[in-house]
Amino acid sequence: MKHCRSLLFVLMLLALAGTASAQRQARVGLGFNALLTTAEGLGLGVRTRAAAPVSADLSLAVDLGFTGFIFRGRDEASYVFDPQLSAIVTFPPHGRQAFYILGGFGAYAPLSERYSGESGPTVHFGFGWVQLLRETQVFYELNPTLVVGERNVDVVLPVRIGVIF
């Protein structure tokens with residue numbers, strides 16, 4: 001039941017983002033992340049983000065991320081799914097580069113029984129830079145996240161790099 005409510009909420013936000021993007025062009029990003037957690041150590045993953053501008057400075061975004069903690073081998077590996085909803089504020093660019101901050105909430109859902117950390121809702125607040133190329137942009141991002149579990153609060157520290165189309 002919890003998963004159905006979460007999915008419905010994400011679909012509603014996507015509909016709102018689609019309405020906002022009718023006035024301005026939505027952007028899609030693909031990237032990689034290194035994820036450091038207090039429970040599992042270092043994981044490697046992939047991430048995608050769809051962002052719809054609300055104004056010239058503010059965008060709403062939906063992220064989907066998958067991370068694998070694979071450094072103990074395939075038999076001991078664990079995996080997580082961590083979607084996020086974010087508000088992104090982009091500051092005026094300096095040359096071909098712009099600084100931004102982002103914050104929001106999401107979920108942290110282990111996909112395997114081997115994961116030893118907490119699962120549950122998340123709160124995140126981070127920052128990043130975009131570098132304009134010709135038609136695309138490269139982004140670099142640090143997005144500290146708190147996972148609010150049933151017993152504890154875990155800290156997750158993702159470092160991301162990718163391309164925005």
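Per-structure values
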| item | result |
| --- | --- |
| Candidates Gln131, Gln25, Gln97: whichever shows maximal mean-square fluctuation once the chain is modelled as a Gaussian network with Cα springs under 10 Å | Gln25 |
| Two-site label geometry, Asp57 and Gln97: point separation in nm, points 7 Å out along Cα→Cβ | 2.2 |
| Selection from Val153, Gly95, Leu35 lying farthest towards where the dipole of the chain points positive, charges on Cβ | Gly95 |
| Estimated dipole of segment 24-164 in Debye, rounded to 20 [Cβ of Lys and Arg +1, of Asp and Glu -1, Cα centre] | 500 |
| Heavy-atom accessible surface of the chain: percent carbon and sulfur, 1.4 Å | 67 |
| Label-point separation, Phe71 to Leu30 (7 Å along Cα→Cβ), nm | 2.7 |
| Accessible area (Å², 1.4 Å probe, nearest 10) - Leu44 | 80 |
| Gained length - Arg134 relative to Arg114, 0.36 nm times residue gap less alpha-carbon distance | 2.8 nm |
| Theoretical FRET efficiency, 1/(1+(r/R0)^6), r = Cβ-Cβ of Val46 and Arg151, R0 35 Å, to 0.05 | 0.75 |
| Segment 24-164 - accessible surface per residue (Å², probe 1.4 Å) | 54 |
| Percent RCO, i.e. relative contact order, over segment 24-164, from Cα pairs under 8 Å lying at least 6 residues apart | 22 |
| Distant-in-sequence amide H partners of Tyr115 (H built 1.01 Å from N, under 5 Å) | Tyr79 |
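The values are calculated or read from the model by the stated rules, or taken from the named source; none is laboratory data. From a predicted model like this one, the values you see are computed outputs, not experimental measurements. Virtual Cβ from ideal backbone geometry, glycine too; neighbours counted across all protein chains shown. Quick note on the areas: whole protein, heavy atoms, side chains included, nothing else; ligands and nucleic acids left out. Shrake-Rupley method; radii C 1.70, N 1.55, O 1.52, S 1.80 Å.
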